[in-house]
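Report on the structure given below.
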Amino acid sequence: MLATVGVATTVAAQSNSIPSRSLSLDESIQMAVEHNFDVQIERYNPRLRLYDLRGAYAGYDPLFSVSGQHDFSLSGGGLDPVTKLPSPASESDDNSFRSSVTGGLLPWGTTYNISGNIQETYGTFGQGGPFDNTRGSVSAGLSQPRLKNFWIDGTRLRISVAKNRLTWSEQGLRLRLMDNIHLVELAYYDLIAARENVKVQEQALQLADRLLAENKRRVEVGALAPLDEKQAASQVAARRADLQAAQARLAVAQNELKRLISDQYRELHDTDLDPSESLAAPLQIFNLQDSWGKGMTLRPDLLQLKLDLEKQGVQLRYDKNQLFPQLDLFGTYGHGAGGAFVAEFSDGFDQFRQGNQPFYTYGARLSVPLSSVRERNVYKSSKLRLEQILLRLKATEQGILTEIDNAVIAARTSHERVSSTREARLYAEAALEAEQKKLENGKSTSFVVLQLQRDLTAARSAEISALADYNKSLADLAHREGSTLERRKIDVNVK
């Protein structure tokens, strides 16, 4: 007994030396939402996909280009074959500038080009003497595809896919939150059960100690055989080992919850988490059809598969459009500058402003590939991938229905187990109390009392396990339905 008291005192001293923190389930979930590493990592994905979406619009960004160039040429003179007179050399200098702005327009794949160029050439030309001339043009043109790249082109494909992946990543964040909240719920209930089981083992050790003390007293007065004392002592040692094992499980349960709710494990390591809630078994009405409906509309993994199907549908639409010939309508309108009296750059710009040298073009271009082997096979491959994803979606839906059905069965069974184990524990307490009275009156044996003590400990542990399993089954059902966030009133806003 002194050894047992020493162990209990040491455990109590250690417990008192560690700071304790009362923690509710809602507080645990809130800490996990804010500090869990997996959740923090997953939060980056929607932001990354948002940058991808914004980058996909770069296909419509205008491109401005400008260039300047100087050319010089000198051609040697020679002997005129007709007059037999020497001809002077020709020399020319050329300064030119070009600029343009090109880009695309929504929503039909129209492209535009606004360009301008001006060039001044001066020099000498044989006997013709010096010359100075400026010419140039400004124009605006449009090109509109009518078959290939009309309904969808590469830029619109990338934008549609980026939007899809952004929504997909948001569902991925919801899924990660649901998974971690579910793990926190399970860990919280496991911690309560582990703590309650330590109490059960402490009670079992106290019962064993009490019986050992009584048997020792009876042996000393000769009212009991020494074998009964040894049996009681063996029971004390066994219960002490069970208590130590229960304390170890409690420590592991503490560490698991700390891991899930904190990103500073070292700081939380020396804190004793004390659940402020107890295990209860509130009656819940289970509606399988309602649970199935939630699963079909709330499960993030199912919604992600639907997004995959939508994405492949966009890809199939693009691949089908690539089978068409290329037919583009185009048009250009502009004004030119140049002539006998246009010598300087300023003269050319004056003519641009006057707009008295207009020009325009319009027409169509048709390109028909003689063989579209690659495009046809890419299209066929996209169709097969769409069918494959559709089958995967149906298989997932069926799997979800089965999971929810099994979860409802497990929850109902767990609730029934709570009532059964409670009755078993009450009967075990009554049986032990009656048998102890019989032992005191000499009408029973220590062996029977020890057996009933073990039965009571097992019954108490079974009741705790049933309560924990029932609460965990409710959490698991919500997780299978995809309603964990709604059940815990957590609103996910992705910015």
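Report ³J(HN,Hα) in whole Hz for each residue of segment 382-394, in order, from the Karplus equation J = 6.51 cos²θ - 1.76 cosθ + 1.60 where θ = phi - 60°; Gly and Pro get x.
5, 4, 5, 5, 4, 5, 5, 5, 4, 5, 5, 5, 5
Hey, if you drop one equal point scatterer on each alpha-carbon of segment 207-248 and run the Debye formula without solvent, what base-10 log of I(q)/I(0) do you get at q = 0.14, 0.25, 0.32 Å⁻¹?
The computed values of log10 I(q)/I(0) come out as -0.34, -0.74, -1.00.
Direction-averaged shadow area of the convex hull around the Cα atoms of the chain, nm²?
That works out to 42.2 nm².
Collect residues whose amide H, placed 1.01 Å from N in the peptide plane, falls under 5 Å from the amide H of Leu224; neighbours closer than 5 in sequence don't count.
Sorted by chain and number, the residues that satisfy this are Val219.
How many percent of the accessible area of the chain is carbon or sulfur, using a 1.4 Å probe?
56
Return one whole number: the accessible area per residue of the chain in Å², for a 1.4 Å probe.
56
Would you mind counting up the charge near Gly331? Only other residues with Cβ under 14 Å from its Cβ, with Lys and Arg at +1 and Asp and Glu at -1.
Summing Lys and Arg as +1 and Asp and Glu as -1 gives +1.
For the full complex of protein chains and a 1.4 angstrom probe, list Thr167, Thr421 by accessible area with the highest value first.
Thr167, Thr421
Using a Cα-Cα cut-off of under 20 Å, which lysines could be cross-linked to Lys163, ignoring same-chain neighbours fewer than 8 residues away?
Lys306, Lys311, Lys495
Can you list the aspartates and glutamates whose alpha carbon sits under 18 Å from that of Lys199, skipping same-chain ones fewer than 8 residues off?
Asp190, Asp209, Asp242, Asp272, Asp274, Glu277, Glu429, Asp455, Glu463
Distance between the C-alpha centers of segment 95-173 and segment 364-399? Whole Å please.
Result: 32 Å between the Cα centres.
Pull up the cross-link candidates among the aspartates and glutamates for Lys148, meaning alpha carbon to alpha carbon under 19 Å and not fewer than 8 places away within one chain.
Within reach: Asp319, Asp328, Glu375.
Amide H of Gly339 versus every other amide H placed in the peptide plane: which residues, excluding those fewer than 5 positions away on the same chain, fall under 5 Å?
Thr134
Tell me the net charge near Thr121. Cut-off is 10 Å between Cβ atoms, Thr121 excluded, with +1 for each Lys or Arg and -1 for each Asp or Glu.
-4
Can you tally the net charge around Gln322? Count Lys and Arg as +1, Asp and Glu as -1, for every other residue whose Cβ sits under 11 Å from the Cβ of Gln322.
Combined, the nearby Lys, Arg, Asp and Glu give +2.
The values are calculated or read from the model by the stated rules, or taken from the named source; none is laboratory data. Here the structure is a predicted model, which means the values were calculated and not measured. Neighbour counts run over all protein chains shown; Cβ positions are idealised from the backbone, glycine included. Side chains are part of the model used for accessible areas, which takes the heavy atoms of the whole protein and leaves out ligands, DNA and RNA. Shrake-Rupley method; radii C 1.70, N 1.55, O 1.52, S 1.80 Å.
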